[in-house]
1. For T75, T143, which order do you get if you count the other beta carbons within 10 Å of each Cβ and list the fewest first?
2. If each residue of separation counts as 0.36 nm, what is the full-extension length gain between K116 and E231 once their alpha-carbon separation is subtracted?
3. Mind ordering 76-85, 53-62 by average Cβ neighbours within 10 Å, highest first?
4. Using amide H atoms built in the peptide plane, which far-off residues or other-chain residues are under 5 Å from N132 H to H?
5. Determine the shape class of the range 110-208: with a ≥ b ≥ c the square roots of the Cα gyration tensor eigenvalues, call it rounded for a/c under 1.5, and otherwise prolate if a/b is greater than b/c, oblate otherwise.
6. Quick one: of K101/K173; K135/K161; K116/K183, which pairs are farther than 21 Å apart, Cα to Cα?
7. Please list, by residue number, every one of the GluC sites (Glu not before Pro) in the range 117-221 that is coil in DSSP and has at most 12 other beta-carbon atoms within 10 Å.
8. Taking the Cβ of G82 as the center, what net charge do the other residues with Cβ under 9 Å away carry, scoring Lys and Arg +1 and Asp and Glu -1?
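Just so it is clear, none of the values below were taken in a lab; they were calculated from the coordinates. Not measured: the values here are computed from a predicted model. Glycine also receives a Cβ, built like all others from the backbone with ideal geometry; neighbour counts cover every protein chain displayed.
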Amino acid sequence: MNERRAAQQFIETSKLLGVDFVPVAVKAVEKAETPKAVTKSASGKSAGEKQALLDALHKRHDQECPHCTAASSHTQTVFGEGNPDARLMFVGEAPGAEEDKVGRPFVGRSGQLLEKIIVAMGLSREEVFIANVLKSRPPNNATPTSDEASKCGPYLLEQIKIIEPEVIVTLGKPAAQLVLESKEAMGRMRGHWYEYGGVPVMPTFHPAYLLRAYTPENRAMVWSDMQLVMERLGMGSSSG
């Protein structure tokens, strides 16, 4: 992708997000598209080894999860998908109707908005890993309860340990509260760095919230959070 096309992409996506600035470091897109040098993860496991562990965890979850094996409002579990060796991991709340139908996370309207945000960061969906606190759809797409999260959440935490991301972005209050073991309100958490097992965590609003409250102010706050993530990952900084 040349610089002119990359710059135009950032401009258009920034408009969609309701912000009136574009990242200065446009070459962050080119960096993301250039194959990275092979590096060892902290555990020394390759992407293939991590994928095998994720597959085994997926199977074990579907057999024994105390929440999902007892739940009856879903047609299939939605375990998560993406690069098993991802530098960046997004964690949402629970699958919705579209996700339940196809067995993939974030494929409905919220997923479309999340993908626009990922592209605006100079990445692709295939380069990150996306998962949810709950692996099965709650009745009527309800917000996960603390009891549900405590039963299904440990499998998410195992996913994080396997993937070893450099940064985690939690989407919405249930995800942030589970990963960070916090009871703070979403508005107080977003925009601030936290840590889980030595991994920096950036809580931000869930895309579904943005769709309900689609104001320039809310979109600008999320984009500001993502700029901090980009800087932490060494993808360049932004200015407005």
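1. Placing the least packed residue first, the sequence is T75, T143.
2. On the way: separation 115, 0.36 × 115 = 41.40 nm, distance 1.84 nm.
Here the answer is 39.6 nm.
3. My ranking of the peptides, most packed first, is 76-85, 53-62.
4. G92
5. Working: a/c = 1.31, a/b = 1.18, b/c = 1.11.
Rounded.
6. From the list (K101/K173; K135/K161; K116/K183), the Cα-Cα distance tops 21 Å for K101/K173; K116/K183.
7. On the way: sites: E126, E127, E148, E158, E166, E181, E184, E195, E217; in loops: E166, E181, E184.
Sparse-neighbourhood loop GluC sites (Glu not before Pro): E181.
8. Surrounding charge for G82 is -2.
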